[in-house]
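Enquirer: Can you read through this structure? Questions will come right after.
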Amino acid sequence: MLIICSLLSNISLSQNYMKSLIPEANDGIGISNRISYWIIGEGNWSQERFKMLYEQSVLITIILLLTYVFTLVFEKFKKTS
């Protein structure tokens, strides 16, 4: 469940960051979806902050995926022992 939530957050932050690179599309910089708004909040909007939050989201998603794979492998070896 955590991986799914993390992936949804990652996709939302990615979309928000990509849209912030084209300020003409939004009459300036803005939040493009509700999930990004929940994560980013009201103030200090900037392309740098959007990028930083997106990169952190990618890192968290990778860590969760690796933890899941490690757990599956560990459980498989535990069952064979």
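The values are calculated or read from the model by the stated rules, or taken from the named source; none is laboratory data. Please read all numbers here as calculations on a predicted model, not as lab measurements. Ideal geometry is used to build each Cβ from the backbone, glycine not excepted, and the neighbour counts take in all protein chains shown. Side chains are part of the model used for accessible areas, which takes the heavy atoms of the whole protein and leaves out ligands, DNA and RNA. Shrake-Rupley method; radii C 1.70, N 1.55, O 1.52, S 1.80 Å.
Enquirer: Could you list, ordered by first residue, the pairs with Cβ atoms under 9 Å in which the first is in the range 34-57 and without any contact (Cβ under 8 Å) to a residue 40 or more places away in the chain and the second is open to solvent by 40 Å² or more (accessible area, probe 1.4 Å) and polar (S, T, N, Q), at least 6 apart or interchain?
Expert: Partner pairs satisfying both residue conditions: Ser36/Gln15.
Enquirer: Under the condition of being among the hydroxyl-bearing types (Ser, Thr, Tyr) and part of a helix (DSSP H, G or I), which residue from the range 27-53 is farthest from Leu13 (Cα to Cα)?
Expert: The extreme case among them is Tyr37.
Enquirer: Residue under question is Ile63, and the condition is that it be open to solvent by 50 Å² or more (accessible area, probe 1.4 Å), among the hydrophobic types (A, V, I, L, M, F, W, C) and not in a helix (DSSP H, G or I); does it hold?
Expert: The answer is no for Ile63.
Enquirer: Within the range 1-28, track down each residue that is open to solvent by 70 Å² or more (accessible area, probe 1.4 Å) and of a type in the set (Val, Ile, Thr).
Expert: Within the range 1-28, Ile4, Ile11, Ile22 meet the criteria.
Enquirer: Then there is this: Can you find a residue in the range 66-78 that is at pLDDT below 90, out of contact with any Cys (no Cβ under 7 Å at 6 or more places or on another chain) and not hydrophobic (A, V, I, L, M, F, W, C)?
Expert: Scanning the range 66-78, I find at least one residue that is at pLDDT below 90, out of contact with any Cys (no Cβ under 7 Å at 6 or more places or on another chain) and not hydrophobic (A, V, I, L, M, F, W, C), so the answer is yes.
Enquirer: With the structure loaded, tell me whether Tyr17 is aromatic (Phe, Trp, Tyr) and either in a loop (DSSP other than H, G, I, E, B) or touching a residue at least 12 places away in the same chain (Cβ under 8 Å) (or both) or whether it fails that test.
Expert: Answer is yes for this residue.
Residue-by-condition table, conditions (1) loosely packed, with under 10 Cβ neighbours inside 10 Å; (2) more than 15 Å from the chain's Cα centre (by Cα); (3) at positive phi:
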{"residue": "Ile35", "(1), (2), (3)": "no, no, no"}
{"residue": "Gly43", "(1), (2), (3)": "yes, yes, no"}
{"residue": "Ser46", "(1), (2), (3)": "no, yes, no"}
{"residue": "Glu55", "(1), (2), (3)": "no, no, no"}
{"residue": "Thr67", "(1), (2), (3)": "no, yes, no"}
